[in-house]
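To keep things clear, I will list the structure first and then write my remarks on it.
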Amino acid sequence: MNYSQVIPDIVSSLPEITGAFLASPNHEILIDQAAHIFPMGEQQHIAETLYAVHSLGSSRFNNITAVQVGFHSLNLCTRILDDGNQLVVIHRPELSTSMLKMTVQLALNSEQGDGDAPVQATVEQEPVVEIEEDDSEADLALVEELLHSDNDLSSLLNAIRDELAKHIGPVVELVFEDALPKWAKNGGAAKERLGELIPGLADELETDADRVEFERDIEKILKQE
């Protein structure tokens, strides 16, 4: 399928849709209609993270083709297309899930359409299971508590998050929502165990130089305590 028109059509179809991009199965950005929201490098991180969320959901449920997560004042919806490419649509929360599905399906059907053949958007029959959040409610509550408590651990975690954000931008929120519960549940959340959290966060960085710089800066932060 030629997506060069599909992606712009999706973005321009509704005012609530603020951007979209298409990524290959190895998370290379193929079509970018979201640079005004996320730079290219951040788009790749988002694609990789949402793909992991999709894979996690697929291991627990059947027939999942779309996953949606909240991110600050926006929602990010990812859909794995038939050819393996990944479509990510960024939209405001007031856009209903059904309207978003219909808009995307109409754009895809329009590209696949033959001449003047009528476009069918049978959204209700599409085998899509939406996951509102990657983490359980308990995990999200745990992340909230760890980052917003009035103690030294919370201050250190926020400092670590700020350092990581220098490298990966806003997607750091998604990374922390995934990493913190796993770390806390595997031995407890304590200052003495922060060193065990860092390698997994460093793996989110693209180059060895970035990983070395991040780990060096974190080491300075931890030594100050």
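Each reported figure results from applying straightforward, stated rules to the coordinates on display, with no laboratory input. Please read these numbers as outputs of a predicted model, since none were measured by experiment. Please note: Cβ atoms are built from the backbone with ideal geometry, for glycine as well, and neighbour counts cover all protein chains shown.
In table form, for the structure just shown:
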{"item": "For peptides 42-50, 160-168, sequence by mean Cβ density within 10 Å, most packed first", "result": "42-50, 160-168"}
{"item": "Label-point separation, LEU140 to ASN186 (7 Å along Cα→Cβ), nm", "result": "2.4"}
{"item": "Hits among lysines - C-alpha to C-alpha of LYS223 under 25 Å, sequence gap 8 or more where chains match", "result": "LYS166, LYS182, LYS185, LYS191"}
{"item": "Burial order of peptide ranges 80-89, 139-148 (average beta-carbon count within 10 Å, highest first)", "result": "80-89, 139-148"}
{"item": "Label point distance in nm, ASP208-LYS223, each placed 7 Å from Cα along Cα→Cβ", "result": "2.3"}
